[in-house]
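These notes are about the structure you will find just below.
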Amino acid sequence: MSSAPFVVKILIQNNDVTNTPPYNTFRPKYLPLRYWAQITGVQNQLVDYYVEAVDKKGLVRKSPIFHCWVGSGGGAGTVLWSPTNPTQADKITIKCPDNKPGWLHWGVNNWTQPVPAFWPEGTTPYDSRSVDTPLISTNTIPGATYYCQIGPFLPVSTQNVTQVDFVFRYNDGSWNNNGGADWHITILPKDLTPPATPQAPVLTSMNSAVSVSWWPNTESDLAGYNIYWWDEITQSTTSKRNSFLITGTTFYDGGLTNGTSYTYVITAVDTAENESWYSQPRTTTPYATDTIPAGPVTGLKGYSGQELVNLSWTKNLEVDVSSYKIYRSTYSCLISQKSLIATILHPATTHQDTGLSGGVTYYYQMTNVDTSNNESVPSDEISVLALVNPPPSVPTGFIAVPSSGVVYLKWNKNTEPDLNGYRLYRSTYPGGYSLVVGTTTLTAGTSIYTNTGLTNGTTYFYRLTAVDTAGNESGYSSEVTAKPDELIECVFSVDMRSQGPTVTSVQIVSNLIWPPWTPQATQLTNNGNNIWFKTLYLPKANNMQYKYVMNGTVWENDFPDGPSIYRDIFISSNNPDGKMYNSNVWNQDGDPSPLTPTPSPPLATGLSNGKTYIKWNANTDWDLYGYRLYRSTGQFLTYISTGGLIIQTTFQDSGLNNDVTYWYKLAAVDLSGQESAHTLPASAVAGVNSPPSSPTNLQVVSSSETTVNLLWSPNTTDADLKGYKVYWSTIASGGPYNFSSGILTGTTYQATGLQTYTSHFFVVRSVDLEDLESANSNEVSVLTKPPLVFEERVIDGDFLDWKFSDVRYIDPYNDTYNFNDGYDTSRDIVAVYSREGQNNYYFRVDFYELGIYAENNNLDLYIAIDCASGGQTWLPDYTDCQTDKPWEVCIALYNASTANIYKSDWSTVNTAFKGAKFNSQLDSVELAISKDVLKSYGWTDGQPIGIQVFTTKDGTNGGAGEIANTSDLTDAIVDDDRGFTDGILNGNVLSTDSVGQAKYAFIYHGNQSLNSATDLQQWIERIEPLGSVTPRTGYVRGLEVIENYGVKGN
């Protein structure tokens, strides 16, 4: 427990006067100590506590029990009450957030106990600061099962409640105090200010009734009105006429006695039930027949206009008013001397009096007429001056644009409300204007006119005036001139190549006739190279603005260097054909000049008889029109054009002096007449022609049995090159050569009809326009191929027709994946053969030790053939392996009679299978397929094929041959790993590959038997068991070796 003295402060109207005389004398002489205690180790809990005092005699006194939430909480939370912002006059409904039975534990004004007068039924005190009110079960309040109602808190004199503080205490002993923040409702003071007193009512006498009308109050919290009868003598009300608060501004009081006078007053009532003071009383008498007119019209006002007056007045509130009458004169007088000019139906309150004379003052009075045709007394008289109507202003922005036989005219619209139209005047010389035929008055809404039927070449002068509805005419506009002329064909093109292939649409958005910018979009056409074109027919000698728009929305950038931010041109011909060409590049201003021709300098050479010949490459400008060639007799002298535009890329200059050196420069010209920069000067001596340079880099591209394809580099040094000649010989280094070709313009040649398997030697020469030939190029030689020979193999299981030249690959033995099923050596490939026949392709595969009938259940053989580009990378039959040599055809041999011939699209052509034979004694299999399946991929006879061979155990698709989590291949050629580690079978062999030879010798003895061998290795050497003392006698199957491999036996 800690202590400290109390601090005493004296506040008057919230001002601290503690130390200000005379209040400083009010300080107590003795101040007690104040005490406090700090409790730790408690978090997010409701703590109940009391304070106990003990005096020196041991007497004890305890305070009431207080409660405090210890923990986090900000005092906000969900709003549980309605209304949300209650006043002291409201009953407040509080919903229980936990829907549990218990009590609303509450206090007021920061946990002060409310006075009993504010306790709802069943409320009991909890302590000196709060009370408990039982929660009520409900099923009628949305979102609540239990609730409680408190308030209102009136009168204020009992206890001025400005805040309600509450938490919830439940029957199960738990509390909810909003996370330690409690809930607090601000109670607004009750509104004690009554509304303003209403204006005096307007009464309408009726048969046994009176209609009461009044102007509405403007308070935002207005709830309605009360109607009372009024006693003029006692100055008090005698009867309230309405049973419920009136929310409108009219009231019908019926059941009255005709001939008796009734006096009425009105009060206004707000939402806090404050009622205003009584309005001024008004009296009327109901009659069976209405003879009483309504009150006079009030608030009559007039406003001057051009030859008109606008009138307004205040609406009469009498319910039987049906119309208003307006009277007018040109001088002040009684209403009887004024003319009735209009009858306006009630409840209108405005009228426009038109057709008046400008500069005249008019006088007005009004009456109203009720449904019984009673007319009121006149209103007050007012006077209003009608203003003079001036003529329209002079039209502005008047321009004329000529076209063929037409002049287009445009101007800014006048804004006068009484504008009737325009008058257009024309002449063929300044002054002397007359109205254009058919345009006595152009309508007010127009601002353009097309004057047709004009004579091209004649200058026309125009002026314009504006006319109003009164016939007043403005002064003349400024004079404009235009000369109609023929239209010019204008070709627009834009290079969009910088925008790539995403360009799908290009429009030219142009201002063809007049400024300011009024764009008209026209679609262009792509020439296929992303150059877009459009031809427009436009009037000569006019300015034009335009931009290009890509894909409908993307505009070109602004071009601030010109007269405007757009492309600006003056329409006139810029080409001898009379057209105008405008060639642009996207987002680049102007028409770019053409590229300088290449090469620079151009090629030039002399010809006989006073001629030279010049040659260059074609320009790539899409708007190229041609070339201009300039000539001089000295490199640094003046160059003069050789004549007109050159369309080709060569030029023969004739009529020159022999043995004189002439110099030439070249420029490209585009369609708009722009000329490129000139090339560097080239020179040639007229009348002197030397042989051309020899071709270079002659090479053999390919050859066959009777043809050779040649290629060489082009001659790029001779302007007068005519072509090339090819010569050949069968004798090296100088021939003699035979002329093989005509004059060739290209740099390739195919020599045909040659001798097979013969060496041929070729050279090429350049030929110029005067048929002079160059020296020989480099010589190349080629040996033509021997004739294509097909050999057949018989699929009979004897293997006696296979040759050493058929062997394509020798594979190591004992390199298989082993199932240890007795057939691992049957799946071990040791040699692969192939041979092309006339109609079939033959294959043979040798195994290390082919078990008898191994092919029926324990061996599947695959031969994947690559014969074209593309192909399939996955190997067939779910072997879980790919290949890096895609195949077009794959033979899947399951036994001697069953096979699938797969194509790369997984279709099968099993009719191509021509049979197979296994021989377990010779450890081999031979098979054949039709070459047609290869030719279906474009393969032709004699072309090499790629071969990949591999084996599996039967049942690779989840069966006995499945090798878990890796390739199912048991052996393969080339790739020793057979795709085991990476799932890819790498490499293959070609049908043109061959293998080496080994010498093989044997001696037969008379006492040796010729028993058969069990595997291929024993053809060469007898293998005895390890540790055996039996010698290695070489003997076995010598005759069959001789027969099979065609070698001599010694």
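The values are calculated or read from the model by the stated rules, or taken from the named source; none is laboratory data. What you see is a predicted model; the values in this text were computed from it and never measured. Every residue, glycine as well, gets a Cβ built from its backbone with ideal geometry; the counts of neighbours run over all protein chains shown.
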Members of the stretch 97-121 that are loosely packed, with under 15 Cβ neighbours inside 10 Å, in a helix (DSSP H, G or I) and not small (Gly, Ala, Ser): Pro116
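For Val688, indicate whether it is assigned to a strand (DSSP E or B) and among the β-branched types (Val, Ile, Thr). Walk me through how you get there before you give the answer.
Values: assigned to a strand (DSSP E or B): no; among the β-branched types (Val, Ile, Thr): yes.
So Val688 does not fit the description; no.
Give the residues of the stretch 899-919 that are assigned to a strand (DSSP E or B) and either of a type outside the set (D, E, K, R) or not assigned by TED's automatic domain parsing to the domain that holds Leu969 (or both), sorted by residue number. Let's see the steps before the verdict.
We begin by selecting, within the stretch 899-919, every residue assigned to a strand (DSSP E or B); these are 899-903, 908, 913-919.
Once the filter is applied, which keeps residues that are assigned to a strand (DSSP E or B) and either of a type outside the set (D, E, K, R) or not assigned by TED's automatic domain parsing to the domain that holds Leu969 (or both), the stretch 899-919 yields Ala899, Asn900, Ile901, Tyr902, Thr908, Phe913, Gly915, Ala916, Phe918, Asn919.
Can you give me the number of residues within the stretch 879-938 that are among the hydroxyl-bearing types (Ser, Thr, Tyr) and over 19 Å from Arg844 (Cβ atoms)?
Kept after step one, since they are among the hydroxyl-bearing types (Ser, Thr, Tyr), are these residues of the stretch 879-938: 879, 883, 894, 897-898, 902, 904, 907-908, 911, 920, 924, 930, 936-937.
Narrowing the set further to residues that are over 19 Å from Arg844 (Cβ atoms) leaves 879, 883, 902, 904, 907-908, 911, 936-937.
The number of residues fulfilling the criteria is 9.
Could you tell me whether Arg765 is more than 60 Å from the chain's Cα centre (by Cα), outside any strand (DSSP E or B) and basic (Lys, Arg)? Show your work before the answer.
Working: more than 60 Å from the chain's Cα centre (by Cα): yes; outside any strand (DSSP E or B): no; basic (Lys, Arg): yes.
No: the conditions fail for Arg765.
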For residues in the stretch 489-511 being at pLDDT below 90 and either outside the structural domain of Lys540 (by TED's automatic domain parsing) or surrounded by fewer than 21 Cβ atoms within 10 Å (Cβ to Cβ) (or both), which is farthest from Asn414 (Cα to Cα)? Val509
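Here is a check on your reading of the model: is Thr124 free of Cβ contacts under 8 Å to residues at least 40 places away in the same chain, touching an Asp or Glu at 6+ places or on another chain (Cβ under 8 Å) and either farther than 30 Å from Val321 by Cα or outside the structural domain of Ser372 (by TED's automatic domain parsing) (or both)?
Numbers: free of Cβ contacts under 8 Å to residues at least 40 places away in the same chain: yes; touching an Asp or Glu at 6+ places or on another chain (Cβ under 8 Å): yes; either farther than 30 Å from Val321 by Cα or outside the structural domain of Ser372 (by TED's automatic domain parsing) (or both): yes.
In short, yes.
For the stretch 302-336, how many residues meet the condition of being among the aliphatic types (A, V, I, L, M) and in a strand (DSSP E or B)? Break it down stepwise before answering.
The first filter runs over the stretch 302-336 and keeps only residues among the aliphatic types (A, V, I, L, M), leaving 308-309, 311, 317, 319, 321, 326, 334-335.
Applying the additional criterion that residues be in a strand (DSSP E or B) yields 308-309, 311, 321, 326.
So the count comes out to 5.
Table: residues versus (1) part of a strand (DSSP E or B); (2) in contact with a Phe, Trp or Tyr (Cβ under 7 Å, 6 or more places away or on another chain).
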{"site": "Tyr878", "(1), (2)": "no, no"}
{"site": "Pro886", "(1), (2)": "yes, no"}
{"site": "Cys890", "(1), (2)": "yes, yes"}
{"site": "Ser897", "(1), (2)": "no, no"}
{"site": "Gln921", "(1), (2)": "no, no"}
{"site": "Ile929", "(1), (2)": "yes, yes"}
Within the stretch 617-676, residues more than 30 Å from Asn529 (Cα to Cα) and of a type in the set (Asp, Glu) come out as Asp653, Asp659
Do we have any residue at all in the stretch 1007-1018 that's at pLDDT 90 or above and either buried (at least 19 other Cβ atoms within 10 Å of the Cβ) or outside the structural domain of Asn857 (by TED's automatic domain parsing) (or both)? no
If you scan the stretch 232-273, which residues turn out to be within 60 Å of the chain's Cα centre (by Cα), of a type outside the set (A, V, I, L, M) and not in a strand (DSSP E or B)? Thr247, Gly248, Thr249, Thr271
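Can you find even one residue in the stretch 419-434 that is among the aromatic types (Phe, Trp, Tyr), surrounded by fewer than 15 Cβ atoms within 10 Å (Cβ to Cβ) and outside the structural domain of Ile571 (by TED's automatic domain parsing)?
Taking the stretch 419-434 as the starting set, the residues that turn out to be among the aromatic types (Phe, Trp, Tyr) are 422, 425, 429, 433.
The next check asks that each one be surrounded by fewer than 15 Cβ atoms within 10 Å (Cβ to Cβ); those that pass are 429.
Restricting the remaining residues to those that are outside the structural domain of Ile571 (by TED's automatic domain parsing) gives 429.
Among the residues of the stretch 419-434, at least one is among the aromatic types (Phe, Trp, Tyr), surrounded by fewer than 15 Cβ atoms within 10 Å (Cβ to Cβ) and outside the structural domain of Ile571 (by TED's automatic domain parsing), which makes the answer yes.
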Answer yes or no as to whether Gly735 is closer than 30 Å to Val494 by Cβ and either of a type outside the set (A, V, I, L, M) or surrounded by 13 or more Cβ atoms within 10 Å (Cβ to Cβ) (or both). no
Can you find even one residue in the stretch 803-810 that is outside the structural domain of Leu754 (by TED's automatic domain parsing), of a type in the set (Phe, Trp, Tyr), assigned to a loop (DSSP other than H, G, I, E, B) and in contact with a strand residue (DSSP E or B) (Cβ under 8 Å, 6 or more places away or on another chain)? no
Checking the structure you have, find out if any residue of the stretch 667-685 is within 30 Å of Thr748 (Cβ to Cβ), of a type outside the set (Ser, Thr, Tyr) and either touching a Leu at 6+ places or on another chain (Cβ under 6 Å) or in a loop (DSSP other than H, G, I, E, B) (or both). no
Looking at Phe799, Phe790, which one is assigned to a loop (DSSP other than H, G, I, E, B), closer than 30 Å to Gln750 by Cβ, at pLDDT below 95 and not assigned by TED's automatic domain parsing to the domain that holds Phe918? Phe790
All but one of (1) buried (at least 16 other Cβ atoms within 10 Å of the Cβ); (2) under 26 Å from Cys96 (Cα atoms); (3) out of contact with any Cys (no Cβ under 7 Å at 6 or more places or on another chain) hold for Ala144; which doesn't? (3)
The stretch 856-866: number of residues that are touching a helix residue (DSSP H, G or I) at 6+ places or on another chain (Cβ under 8 Å) and either surrounded by 24 or more Cβ atoms within 10 Å (Cβ to Cβ) or on the phi > 0 side of the Ramachandran plot (or both): 3
Tell me whether the stretch 716-728 contains one or more residues that are more than 25 Å from Thr612 (Cβ to Cβ), surrounded by fewer than 16 Cβ atoms within 10 Å (Cβ to Cβ) and of a type outside the set (Phe, Trp, Tyr). no
Total residues in the stretch 818-832, condition buried (at least 20 other Cβ atoms within 10 Å of the Cβ) and assigned to a loop (DSSP other than H, G, I, E, B): 3
Search the stretch 283-303 for residues being of a type in the set (A, V, I, L, M) and over 14 Å from Glu318 (Cβ atoms), and hand back the single one that is modelled with the highest pLDDT. Leu300
Within the set of pairs 6 or more residues apart or between chains, which connect a residue that is touching a residue at least 40 places away in the same chain (Cβ under 8 Å) inside the stretch 393-405 to a residue that is charged (D, E, K, R) with Cβ atoms less than 6 Å apart? Ile399/Lys410; Pro402/Lys483; Ser404/Glu486
Name the single residue, out of those in the stretch 387-434 being among the charged types (D, E, K, R) and either at pLDDT 95 or above or part of a loop (DSSP other than H, G, I, E, B) (or both), that is nearest to Gly471 (Cα to Cα). Asp418
So Thr956 clears everything in (1) modelled with pLDDT of 95 or more; (2) closer than 24 Å to Asp975 by Cβ; (3) buried (at least 17 other Cβ atoms within 10 Å of the Cβ); (4) under 55 Å from the mean Cα position of the chain (by Cα) except one condition, right? Which one? (1)
From the list Ile646, Ile640, Ile569, which residue is assigned by TED's automatic domain parsing to the domain that holds Pro539, β-branched (Val, Ile, Thr) and free of Cβ contacts under 8 Å to residues at least 60 places away in the same chain? Ile569
What is the residue count in the stretch 123-177 for residues that are in a loop (DSSP other than H, G, I, E, B), among the polar types (S, T, N, Q) and under 57 Å from the mean Cα position of the chain (by Cα)? 5
